[in-house]
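Student: Structure in structure tokens, see below.
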Amino acid sequence: MAQPLARCKVIKVLFFRGDRGPFGKGVYDALRSGLADPRQDPTRLDCLLWAGHTGVSFDLGKTIYGFNPDGGRLRISEVINYLESGNSLPGVVIDDTGVFQAAAARTLEVLEFDIIVPPLTFDEFEQLVNVECKGSRFRYDFPNTNGDCNCATWIERLGLPLVTGRMSELVLVADIAAKKSRQFGACTP
Amino acid sequence: MNLFVSKTWEDEQRLGSLAMEFRSSRDPGKRRHIADEYAEVVQRLIRNGWNEMPPPEDQLPADWMPRSFDGSWVK
């Protein structure tokens, strides 16, 4: 007699695009001013509310973990300029629940979808994230540099599938085929 | 091909692509060429009524951004 299947568990992926209007312009101004005057530097939260963010949750959205750059002693404005220049920084995984709550409070649309998996897969992925929280093995970068990933691709690097597999869905991913190459990791072309 | 994609959307995607190309090159000449095209795309976006501040991953570092990029188009 076949064993009954275990109950599925849910890994939730959450993301928001960011406020690209006057708020975003204000953060941009603060970043540029902050390079010359540390007092003008924006907060990490404001940068994320402008840029957007992605996170993952194991308790249906109560706690949301996100991958971020660890700038060490660098100011926020210096971190952003460093990343824009094509450099990478050590990655750090943080409880970013507050970021998503702030995004919702600003009426930014926080999108989410569930990855439904067997308990063993759930436990393995949760353990991977727990280990990442203690010290990430990935370097944070903006797309197409010698780092490993950003907040969105970190989830993929850990092995969580994001697309359903329907070809129609893949084709609709904006510019996916137009960008003919994308680098992840340090190597020489 | 999606016939209803706007020119603004295409140019916004182009900014992101140029930023990616910039980051993957360390050649100053190539970076200059990319920055020049970036400036042209920004000008076109502004002329076409652009109203967004692109995220940092779609921007060049401060010293390479065009002078016209001051965010004044964001209302």
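Student: Shape verdict for region A:43-189, please, from the Cα gyration tensor: rounded (a/c under 1.5), prolate (a/b greater than b/c) or oblate. Mind dumping the intermediate values first?
Tutor: On the way: a/c = 1.32, a/b = 1.10, b/c = 1.20.
Here region A:43-189 falls in the rounded category.
Student: Okay, moving on. Assign one of three labels to region A:75-157, namely rounded, prolate or oblate, based on the Cα gyration tensor with a ≥ b ≥ c the square roots of its eigenvalues; rounded applies when a/c is under 1.5, prolate when it is not and a/b is larger than b/c, and oblate otherwise.
Tutor: Details: a/c = 2.02, a/b = 1.26, b/c = 1.61.
The shape class here is oblate.
Student: Still on this model: Averaged over its residues, how many other protein chain Cβ atoms are within 10 Å of peptide A:139-145's Cβ atoms? If you can, show how the numbers build up before the last one.
Tutor: Details: counts 0, 0, 2, 9, 8, 10, 4.
Mean inter-chain Cβ contacts per residue within 10 Å come to 5.
Student: Taking Cα atoms, how many degrees apart are the long axis of helix A:119-134 and the longest axis of chain A, rounded to 10 and kept between 0 and 90?
Tutor: The helix A:119-134 is inclined about 20 degrees to chain A.
Student: Taking the Cα centre of each part, how many Å lie between region A:36-78 and region A:116-150?
Tutor: Here the answer is 17 Å between Cα centres.
Student: Hey, another quick one. Taking θ = phi - 60°, what integer Hz values does the Karplus form 6.51 cos²θ - 1.76 cosθ + 1.60 yield along region B:51-67, in sequence order, with x for Gly and Pro?
Tutor: 9, 9, 9, x, x, x, 5, 9, 10, 8, x, 3, 5, 9, 6, x, 4
Student: For chain B, just say rounded, prolate or oblate: build the C-alpha gyration tensor, square-root its eigenvalues into a ≥ b ≥ c, call rounded for a/c under 1.5, and beyond that prolate if a/b exceeds b/c, oblate if not.
Tutor: Values: a/c = 2.08, a/b = 1.36, b/c = 1.53.
Judged from the Cα gyration tensor, chain B comes out oblate (a/c at least 1.5, b/c at or above a/b).
Student: Something else: Under the Karplus relation 6.51 cos²θ - 1.76 cosθ + 1.60, θ = phi - 60°, what is the ordered set of whole-Hz ³J(HN,Hα) values for region A:34-43, x standing for Gly and Pro?
Tutor: x, 4, 9, 9, x, 5, 8, 4, x, 7
Student: Still on this structure, please answer the following. If amide hydrogens are placed 1.01 Å from N in the peptide plane, which non-local residues have theirs closer than 5 Å to the one on A:THR63?
Tutor: It is A:PHE58, by chain and number.
Read-outs: derived from the displayed coordinates by stated rules, not from any lab. The model shown is predicted, which means the values in this text are computed figures rather than measured ones. Glycine also receives a Cβ, built like all others from the backbone with ideal geometry; neighbour counts cover every protein chain displayed.
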